[in-house]
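What follows is a set of notes on a single structure, which appears directly below.
Values quoted throughout were computed directly from the atomic coordinates according to the rules given, and no laboratory measurement underlies them. Quick caveat, the model's predicted, so the values are computed rather than measured. FYI the Cβ positions are ideal-geometry reconstructions off the backbone, even for glycines, and counts take in every protein chain you see.
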Amino acid sequence: MFPYHHIPKRERSKETETEKGATPLSPSDPRFSESVHPPLVDLALYRALRNRPVDRRHTASIKWERHLLPPGTPPPEGWIALSVADMDFPAPAAVVEALRRRVEEGLFGYTYVGDGATRAVVDWLLRRHGWAVDEQALLFAPGVIPAIALAIEALTPPGTPVVVFPPVYGPFYRAIEAARRKAVDVPLLKEGPAEAPRYRIDVDALRSALDETGARAILLCHPHNPGGRVFTRDELAVVAGLAERAGVVLLSDEIHADLTHPPATFTSLAALPEAAGRTVAFWSPGKTFNLPGLRIAYAVVLNPELRTALRTALERLHLHLPNALGITALEAAYRHGEGWLEAVLAVIRENIAFVRDAFARALPEVRVMPPEGTTLVWMDLSALPYDEKELRRRIVDRARVGVNFGGEFGPGGAGHIRLNVATARPVLEEGVGRLIETLRP
């Protein structure tokens, strides 16, 4: 297994004007375009993240110690986990320091989300995405999927259908079921050359589903998991138009928004004027800064009526108060974590290129979908002469590599696997090498 290396703290960069407490820049401000440019990458931090594996055994990691493994069974010797979508990188030093100070206070009573954290969210959305959001539009929750399930329950009539676009993140189906609604599949269409396929929304099928099923909500994953699509503003506008025509609510899981890769650009569905009044957008610093275990998320709800309904649902189950340490981590990450994020993005983008190149050279039958966002790489193995059972035997039992198999993602997922490349390069190289070796016919 890979040895543990402590990643040294980097020197903290100077605070931006917003971090010092100044009023956020308006899109009309001539300095605004400069404010959304990312900072220079900290090379020392980048090299540490890229080259130094972190041993996550014995940390109760679901990815490394539970996923795909029999209950109570430790991982086999040499096990490599490239599955669950968290990162094998320590969180930003500023977050760790903020949490240390918070823990040392020794007070862990019920904690509300204060002005500092709320303002940090608003400043981040403006600075990073050019999206001006009022603080009143934010609702906090202990996770995106619980918030989605409650939104479905609060904003749609009992038993009505909810449209999803498979292959898609498996917990969407469980959230719909938990809300006692029915999922209606509108499978994404695959287009483009074999070496660089991508998904797009089947507009005709979506129109038919809305007309024929009585669906009252559309649940979108944007950026898309597992395929990595960052839907364009034009694509989103078409979905918004169909939603308006049918009078349905739009629910957009945007948890991967901060992990968008150029030349793609991210636009929140809720930022479109034609969609804002019927959209709930779900965000979290969890994926962005590797904080999912701290259980904090938020919804951006511009329509006051929708916001009131969702707030009532959250309060009814006492889910409007997130984890106290999550609140601390959110504020520290959004205020001081941007340099860390840029270093991580540099590693992820390099790792994506490595995976694509490795399979193109050694096993071109495997079609790798280049992600426009996320840390995830979706791979089509259907040209190989193996069924799902044989794929599992070769990948899990023989190669000792953890992946997500396509069946987890609904229709269109069979014959695929999903790799999470948010790990150090030595780990990824070893894992990809084993996959290529074991998948060769």
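Listed values, structure above:
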read-out	value
For region 78-101 and region 378-441, distance of Cα centres in Å	23 Å
The chain - share of DSSP beta bridges that are antiparallel (%, nearest 5)	55 percent
Three-way shape call for region 246-306 based on the alpha-carbon gyration tensor, with the a/c threshold at 1.5	oblate
Residue exposure sequence - 112, 46, 169 - by fewest surrounding Cβ within 10 Å	112, 46, 169
Centre separation in Å (Cα based) which lies between region 211-253 and region 254-332	17 Å
Value of [θ]222 nm, deg cm²/dmol, for the chain, DSSP H segments ≥ 4, -39500 (n - 2.57) each, nearest 500	-11500 deg cm²/dmol
Fluctuation leader among 224, 320, 58 - the chain, Gaussian network, Cα springs under 10 angstrom	58
Global form of region 115-336, assessed from the alpha-carbon gyration tensor, a/c cut-off 1.5	oblate
Overall form of region 60-166 per C-alpha gyration tensor (a/c, 1.5; a/b vs b/c)	oblate
